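Just so it is clear, none of the values below were taken in a lab; they were calculated from the coordinates. This structure is a prediction, so every number in the text was calculated from the model and none was measured. Cβ placement follows ideal geometry from the backbone for every residue including glycine, while neighbour counts extend to all protein chains displayed.
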Amino acid sequence: MYSFSEVKDVNSREFLAAMDIYREAFPDYERHSQQVIEDRILSGRELLFVGCDENNTVGLMALVWDLKGTDFIVLDYLAVADSTRGQGVGGQFMEFINSWTKEHKKVLLFE
């Protein structure tokens, strides 16, 4: 079972592991630079969620835009590490993010 949490520290192990998964999952032309993502997280424009297993190994990352002033959030990027695929982690995250959006009175949009 995976646990999911928001990462706000762009110098943390979890952030760096998430960026490794991001680079592995998306080609250069579909990605933003790590600096852009850091700036967005630090400014609060974008949220980074990670999924960790019982050994605290990051196996999933998701970038979510909180459209401030609206009822909407956008799931911008979602990636599961190669070593984690096929274990139902993506489905577990979708359950988590659905609960999170309800708790925060938001509507989830997919890009």
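Which residue, VAL64, VAL36, VAL50, has the most motion in a Gaussian network model of the chain that connects Cα atoms within less than 10 Å? Among VAL64, VAL36, VAL50, the largest GNM mean-square fluctuation belongs to VAL36.
Determine the sum of side-chain charges near GLY88: Lys and Arg each +1, Asp and Glu each -1, restricted to other residues whose C-beta is under 14 angstrom from that of GLY88.
Details: positive: ARG85; negative: ASP53, GLU95.
That sum, taken over residues with Cβ under 14 Å, equals -1.
Counting alpha carbon pairs within less than 8 Å and at least 6 residues apart, what relative contact order, in whole percent, applies to the range 1-60?
51 percent
Please say if the range 1-65 is rounded, prolate or oblate, where rounded means a/c under 1.5 for a ≥ b ≥ c the square roots of the C-alpha gyration tensor eigenvalues, and otherwise the choice is prolate for a/b larger than b/c and oblate otherwise? It comes out oblate by the Cα gyration axes.
Here is how the number arises for the chain: DSSP H runs of 4 or more residues each give -39500 (n - 2.57), the sum is divided by the residue count, and the result at 222 nm is -11000 deg cm²/dmol. Positive contributions from Lys and Arg (+1) and negative ones from Asp and Glu (-1), summed over other residues with Cβ under 14 Å from the Cβ of HIS32, come out at -3. Among SER99, SER12, SER83, the largest mean-square fluctuation in a Gaussian network model of the chain (Cα springs under 10 Å) belongs to SER83. Which residue, chosen from VAL107, ILE97, LEU63, occupies the Cα position most advanced towards the positive end of the dipole of the range 47-111, where the dipole is computed from +1 (Lys, Arg) and -1 (Asp, Glu) charges on Cβ about the Cα centre? It is VAL107, whose Cα lies furthest towards the positive end.
With contacts defined as alpha carbon pairs under 8 Å and 6 or more residues apart, what's the relative contact order of the range 42-111 in percent?
Numbers: 101 pairs, mean separation 19.3, N = 70.
Here the relative contact order equals 28 percent.
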